[in-house]
Amino acid sequence: MPEADRSHVIGLTLAAAASGLVVSAGALAFGAFTLWQAALAAVAAIILGLITTLPWARDAAALRARSRAIGEGESAPLPAARRTSLGGDLARALIESQRRVNRSLQALKERSVKVERVLDAVPEPLFVVDIRQDVTHANQAAEALVGPSIVGRTLAEAFRQPELLDGVETVLSGAAPKASVDFEAGSAQGRSYRAIIGRLERVGGGGEAAVMTLHDLTAIRRLEALRADFVANASHELRTPLASLVGFIETLEGPAKYDPEAQAKFLGIMREQANRMTRLVQDLLSLSRIELDEHSPPGHTDDLESLLAAIVAQLGPVAAARPATLEFSCATPLPAVMGEPDLLQQVFQNLIENGVKYGKSGGVVTITAAATPDGASITITDQGEGIPAAHIPRLTERFYRVDVARSRNLGGTGLGLAIVKHILNRCRGELSITSKTGEGSSFTVWLPPPIDS
Ligand code: ADP
């Protein structure tokens, strides 16, 4: 028994004995008892006091210990005090309230674990901040973004963007119930985010707080920039031949109105410009069609060798005009490959035409095909000036050209390799480019077998 409880028991017992002594002394004083009788009555009072108060005192001590344990969050059941019936009743009531408290605590714990799991399942980073902008909760995505030790620190330690912190302040101060802030973050501010901040009023009675989720807009922003670039490039490409056409029309109507020689010359140039615009529009349409279909599975080509031989034959006149020689060889029988003939025709036609265009005048363009352990590979090699290494990774971007003037003079649109890349993406194929300046370039296409083969 603890010291305090023991003194409590002794105190109660002494009080009972003292009251017995007072009664005995009173009886002696009034002559009702002899000295012996008074002494006997006093002893009886002490014994009676002990018998009646000791169980009460012990029960009280046990109940006190029990309620203290409950108060301290002890959940293991403690022995009940049952020396008196009142003590037993109190103990039972205490046990019942302890059970209820335990059940509520357990339910609260489960709820808090559930809430934590739900917040962790939110894929976007989520932060809860208190009125001082200290982070009181961060889900897994938030910790992955700014580090696991953010809880307990101020938001400004993770985000240095004043516009974001101002947005949080606006919500916390009650000036607005929610706010949305776009900001750049990451190394060299490479990523774009939109923060949505909402007010949480008196969470758990703990005063105002705000919840902030971050949405990564980087991919959308890049797409927007790409689209804007694309529109600018496409209009620029169309505007140049159009301006030239308008210029020649004005010349034909004015100074060259009665000059048949100049008229013939200008009409030839106009035809060339009109053809260029047609090619550009065709390439733009074909690129947009390929992009639309990019995620639907392509068909397949069973006889790739015959398809390649046919393309080489069709391009004979183009090669002869350069002049260049096309040499096609197929080392091993080719398997069926992913991609319907129409799509593969565009791939190889673009690559062979490029080999002719940028290859050496009077040179040879070789087309070699072979089966590989997992599909087929086709390499187109020319003997041209080659491509400086720095340009190679960007060649498949739309309108990217090593030498814009040269490409235009040769009738290029700057879209051929972009079309090739998109078709190969759809066919789950690959394109690799190697080049040696002054010696030539090789474009290798790898195509996998059809999925169902
Ligand atoms: P273009 O219509 O300009 O030929 P492409 O998309 O087919 O457009 O090619 C993009 C650029 O890549 C070309 O402008 C050219 O600079 C370069 N290129 C493509 N093929 C070759 C090649 N075989 N040799 C050298 N440069 C090439």
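Before we move on, is residue 444 farther than 26 Å from residue 284 by Cβ, open to solvent by 30 Å² or more (accessible area, probe 1.4 Å) and either touching a Cys at 6+ places or on another chain (Cβ under 8 Å) or in a helix (DSSP H, G or I) (or both)? In short, no. Selection of the range 176-196 for residues being more than 21 Å from residue 224 (Cβ to Cβ), part of a loop (DSSP other than H, G, I, E, B) and open to solvent by less than 80 Å² (accessible area, probe 1.4 Å) yields only 176.
The set of residues from the range 305-326 being assigned to a helix (DSSP H, G or I) and either of a type in the set (Lys, Arg) or open to solvent by 40 Å² or more (accessible area, probe 1.4 Å) (or both) comprises 305, 306, 309, 310, 313, 314, 317, 318, 320, 321.
Residue by residue, here is whether (1) within 12 Å of the ligand (Cβ to nearest atom); (2) modelled with pLDDT of 95 or more; (3) assigned to a helix (DSSP H, G or I) holds:
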position	(1), (2), (3)
328	no, yes, no
344	no, yes, yes
351	yes, yes, yes
356	yes, yes, yes
371	no, yes, no
390	no, yes, yes
393	yes, yes, yes
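Restricting the range 374-388 to residues that are open to solvent by 60 Å² or more (accessible area, probe 1.4 Å) and modelled with pLDDT of 95 or more, the residue that is farthest from the ligand (Cβ to nearest atom) is 383. Across the range 395-420, what is the total count of residues that are in a helix (DSSP H, G or I), surrounded by 17 or more Cβ atoms within 10 Å (Cβ to Cβ) and either more than 9 Å from the ligand (Cβ to nearest atom) or at pLDDT below 95 (or both)? Residues in the range 395-420 being in a helix (DSSP H, G or I), surrounded by 17 or more Cβ atoms within 10 Å (Cβ to Cβ) and either more than 9 Å from the ligand (Cβ to nearest atom) or at pLDDT below 95 (or both): 1 in total.
I need the full set of residues from the range 423-440 which are under 33 Å from the mean Cα position of the chain (by Cα) and surrounded by fewer than 21 Cβ atoms within 10 Å (Cβ to Cβ), in order please. Residues satisfying the conditions are 425, 426, 428, 430, 431, 432, 433. Checking the condition closer than 18 Å to residue 72 by Cα and free of Cβ contacts under 8 Å to residues at least 40 places away in the same chain, which residue from 146, 113, 118, 101 passes? Exactly one residue qualifies, and that residue is 101.
Among the residues making up the range 231-283, a single one is surrounded by fewer than 11 Cβ atoms within 10 Å (Cβ to Cβ) and of a type in the set (Phe, Trp, Tyr): 258. Only one of 342, 302 is closer than 30 Å to residue 403 by Cα and surrounded by fewer than 21 Cβ atoms within 10 Å (Cβ to Cβ). Can you tell me which? Among 342, 302, only 342 is closer than 30 Å to residue 403 by Cα and surrounded by fewer than 21 Cβ atoms within 10 Å (Cβ to Cβ). If you go through the range 105-148 and keep only what is within 18 Å of residue 200 (Cβ to Cβ), open to solvent by less than 30 Å² (accessible area, probe 1.4 Å) and assigned to a helix (DSSP H, G or I), you end up with just 142.
The values are calculated or read from the model by the stated rules, or taken from the named source; none is laboratory data. All values reported here derive from a predicted model rather than from experimental measurement. As a convention, Cβ positions derive from the backbone with ideal geometry for all residues, glycine included, and neighbour counts pool all protein chains shown. Ligands, DNA and RNA are stripped out before the accessible areas are found, and what is left, the full protein with its side chains, is counted by its heavy atoms. Shrake-Rupley method; radii C 1.70, N 1.55, O 1.52, S 1.80 Å.
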